[in-house]
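**Q** The structure that follows is given in the form of structure tokens.
The values are calculated or read from the model by the stated rules, or taken from the named source; none is laboratory data. Given the structure is predicted, the values throughout are model-derived calculations rather than measurements. Heads up, the Cβs are rebuilt from the backbone with ideal geometry, glycines too, and the neighbour counts pull from every protein chain shown.
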Amino acid sequence: MFWVKRSTKLAFMGGFHAFPGGQLDKEDTNVPVAHAGDSDATLMRACAAREFFEEAGVLFALGVERVERERIIAKRHALEAKEKSFKQILEEDDLQVDGSALIDAGRWVTPPFAPRRFDTWFFLAWLPKGQEASVETGELESGEWIRPADAVALWQRGEIIMAPPTLHIIRTLAANSARGDQMASALVAAPEARRGSVRRIEFRPGIFLFPVKTPTLPPATHTNCYIVGGKELIIIDPASPYEDEQRELDQFIDELIAEGRRVREIFLTHHHPDHTGGTVHLSKRLGVPVAAHRLTAQRVQHSVEVSRFVEDDELIELEGNPGWRLRALLTPGHTRGHLCFYEENTGAILTGDLVVGIGTVVIDPPEGNMRQYFDSLARLLSLPKLSSLFPAHGPAIGSAREKLEEYVTHRTLRENKIFAAVKAGAALPHEIVEAAYTDVHPSMYGLAERSTIAHLEKLEEEGRVRRDSSGYRAN
Ligand SMILES: [Zn+2]
């Protein structure tokens with residue numbers, strides 16, 4: 001099969017391995033397509049053919065065998081440069097998208113953790129005779145031919161990250177490699193491949209992400225509960241206080257237990273209710289203890305019984321294939337007792353609310369502390385191996401280093417604006433917010449003011465600003 005690695009710079013699924021593809025374009029409606037079926041099927045084939053041509057250089061068109069290779073390459077460049085539309089590219093040589101070459105291979109709907117959700121059509125196609133697939137770097141870092149079984153092995157060793165449909169497709173291709181004619185029907189056999197809800201989200205082996213609805217801060221609507229391990233499992237942040245959501249999570253955990261696994265312990269990243277809401281229920285139901293940092297335990301003492309304190313640098317080893325070594329890292333900033341969990345074998349980090357895949361992290365003093373927050377980001381950046389991030393909100397992030405650096409840069413820029421505002425004479429927090437957050441909607445000024453105070457406290461500690469009865473002044 002031909003697959004690609006997405007650029008680590010992409011906001012959505014950056015650093016992931018995937019297949020070429022993209023979004024429907026207005027112009028796809030006018031593209032000539034033969035043998036496709038109903039209007040949706042026709043439209044989506046036009047989109048798939050256009051995207052595949054642009055990203056991988058393969059043109060699924062009737063009559064394309066008449067066109068010389070150089071001319072096909074020139075067409076691709078014209079499409080990329082937007083000099084010609086896909087319709088023009090086809091019509092100038094009397095070509096039509098070959099709908100029958102693009103075989104239905106399922107439709108997957110992005111689970112609710114994602115800031116952007118897609119209803120994605122997948123197609124199976126054989127490389128047309130005489131054509132070659134290649135990737136030109138930009139949105140894609142690389143593209144190559146690989147045996148599906150080898151791709152599964154790479155994933156199993158924790159070397160790459162993939163979204164659930166990609167993993168499902170590759171596993172199915174690997175299992176059916178001897179029977180090409182059965183591949184398409186095998187691909188659509190799973191309910192998830194027919195727009196069913198995607199329950200088993202395993203971006204890396206043994207790291208299951210289960211989003212549950214919580215009373216969290218918009219734009220997020222869900223918190224990710226993580227279930228990690230093989231034969232032995234731990235559960236991190238059973239977050240939802242809502243009964244129906246708890247039931248969904250219970251069912252999923254039951255499925256894992258039915259596979260012969262056992263739950264050892266529940267961990268909390270921090271005390272916020274959108275992370276701890278389902279803890280008591282799950283702990284009782286499974287009869288397993290709860291572990292958290294002592295500062296988190298203090299904050300939840302009236303609602304959750306924490307049986308054991310997790311110390312900074314504690315190692316949690318989980319048996320199974322390939323085995324997991326999770327290092328608990330005390331990473332304050334969002335809250336004082338915040339823990340991240342660093343998987344030492346693969347360099348994956350479960351980041352709790354230190355880094356999120358949707359929205360921004362709130363630093364609200366006195367619990368929140370900007371200086372500690374910067375230190376915690378720096379600590380993650382200094383880890384020996386960095387691959388992907390698994391935040392408590394939003395999808396997994398395939399490019400850990402880039403994302404962490406982006407966070408540091410973003411906060412530093414904001415701090416510079418705040419310092420500049422103080423130097424220019426803004427003294428009170430709300431005045432400073434108005435000057436430093438011109439890019440943010442005024443409805444967000446309340447939260448922005450909390451972050452601004454956190455930045456000012458940091459600047460004060462560093463001796464760059466001082467505070468007197470009339471407000472803040474630059475030193
Ligand atoms: Zn939080």
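**Q** Looking at this structure, is residue 50 of a type in the set (Lys, Arg), in contact with a helix residue (DSSP H, G or I) (Cβ under 6 Å, 6 or more places away or on another chain) and without any contact (Cβ under 8 Å) to a residue 60 or more places away in the chain?
**A** Values: of a type in the set (Lys, Arg): yes; in contact with a helix residue (DSSP H, G or I) (Cβ under 6 Å, 6 or more places away or on another chain): yes; without any contact (Cβ under 8 Å) to a residue 60 or more places away in the chain: yes.
In short, yes.
**Q** Any idea which residue in the stretch 389-411 is farthest from the ligand (Cβ to nearest atom), counting only those that are among the hydroxyl-bearing types (Ser, Thr, Tyr) and touching a residue at least 40 places away in the same chain (Cβ under 8 Å)?
**A** Among residues in the stretch 389-411 that are among the hydroxyl-bearing types (Ser, Thr, Tyr) and touching a residue at least 40 places away in the same chain (Cβ under 8 Å), the one farthest from the ligand (Cβ to nearest atom) is 399.
**Q** The conditions are (1) away from the ligand (no atom under 15 Å from the Cβ); (2) touching a residue at least 40 places away in the same chain (Cβ under 8 Å); (3) at negative phi, and residue 292 fails exactly one of them. Which is it?
**A** (1)
**Q** Right, next: Within 16 Å of the ligand (Cβ to nearest atom), within 23 Å of the chain's Cα centre (by Cα) and surrounded by fewer than 23 Cβ atoms within 10 Å (Cβ to Cβ): is that true of residue 359 in this structure?
**A** yes
**Q** Can you tell me which of 149, 239, 220 is among the small types (Gly, Ala, Ser), within 20 Å of residue 20 (Cα to Cα), in contact (Cβ under 8 Å) with a residue 24 or more places away in the chain and outside any strand (DSSP E or B)?
**A** When all the criteria are applied, what remains is 149.
**Q** Sticking with this one: Under the condition of being under 15 Å from the mean Cα position of the chain (by Cα) and basic (Lys, Arg), which residue from the stretch 374-423 is surrounded by the most Cβ atoms within 10 Å (Cβ to Cβ)?
**A** Across the stretch 374-423, the extreme among qualifying residues is 403.
**Q** Of the numbered conditions (1) modelled with pLDDT of 95 or more; (2) under 30 Å from residue 390 (Cα atoms), residue 94 satisfies every one except a single condition; which is it?
**A** Condition (2) is where residue 94 drops out.
**Q** All but one of (1) among the polar types (S, T, N, Q); (2) crowded, with 20+ Cβ neighbours inside 10 Å; (3) farther than 20 Å from residue 269 by Cα hold for residue 351, so report the exception by its number.
**A** So the condition that residue 351 fails would be (3).
**Q** Please go through the stretch 251-287 and pick out each residue that is among the acidic types (Asp, Glu) and either within 16 Å of the ligand (Cβ to nearest atom) or farther than 27 Å from residue 332 by Cα (or both).
**A** 254, 255, 259, 274
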